[in-house]
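Data first, discussion second: the structure below is written as structure tokens.
The values are calculated or read from the model by the stated rules, or taken from the named source; none is laboratory data. Just so it is clear, the structure is predicted and the values come from calculations on it, not from any experiment. Here the Cβ is made from the backbone with ideal geometry for all residues, glycine too, and neighbour counts use every protein chain on show. What goes into the accessible areas is simple: the full protein's heavy atoms, side chains included, and nothing from ligands, DNA or RNA. Shrake-Rupley method; radii C 1.70, N 1.55, O 1.52, S 1.80 Å.
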Amino acid sequence: YHSSVLRVASGDTELWTHFDVMHNMLIQVTGTKHVTMWPPSEDANLYTEGSSSRVPNIHEPETARFPRFSRTYESRVTGLLCPGEAVFIPPLWFHHVFMPAFSV
């Protein structure tokens, strides 16, 4: 099974925190993406339901509703993806993407 997705995003757009079961390559053509990733071991602390995290705002999480989310801070990996750059996302790794402006 193979799938290729072309994501064209307007500004101030977020892709929810989730994991995929296949290898992924996120390639930036224009604009930038802020990428945050967590290892599969953070599943419980990300309050996963299916393949998605129930934490809607990773930047200002509701600590009363999601108290274990703060445990993910040490294991997360963050970076800024610029045009011409790519990032490999292994299977089952959680990832969240924010596009501050038009992005492909």
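The distance between label points at ALA86 and HIS23 comes to 1.0 nm (points 7 Å beyond Cα on the Cα→Cβ vector). Measuring nothing but protein heavy atoms, the accessible surface of the chain at 1.4 Å probe radius is 56 percent carbon and sulfur. Under 1.5 on a/c is rounded, so check that first for the range 35-104, then, if it is not, pick prolate when a/b is larger than b/c and oblate when it is not; a ≥ b ≥ c are the square roots of the alpha carbon gyration tensor eigenvalues. Taking the square roots of the gyration eigenvalues as a ≥ b ≥ c, the range 35-104 is prolate. Net charge of the neighbourhood of SER51, taken over other residues with C-beta under 15 Å away and scored Lys/Arg +1, Asp/Glu -1, is -3.
Computed from the C-beta positions of PHE102 and SER51, the FRET efficiency with R₀ = 30 Å rounds to 0.65. Springs between Cα atoms under 10 Å define the GNM used for the chain, and in it the highest mean-square fluctuation of PHE94, PHE66, PHE19 occurs at PHE66.
Near ALA86: Cβ cut-off under 15 Å, other residues only, Lys/Arg at +1 and Asp/Glu at -1. The net charge is +1. On the basis of the beta-carbon distance and an R0 of 35 Å, ALA64 and SER4 show a calculated FRET efficiency of 0.30. Among residues other than MET99 with Cβ under 9 Å from its Cβ, the summed charge is 0 (Lys and Arg +1, Asp and Glu -1). For the chain, the relative contact order comes to 56 percent (Cα pairs under 8 Å, sequence separation of at least 6).
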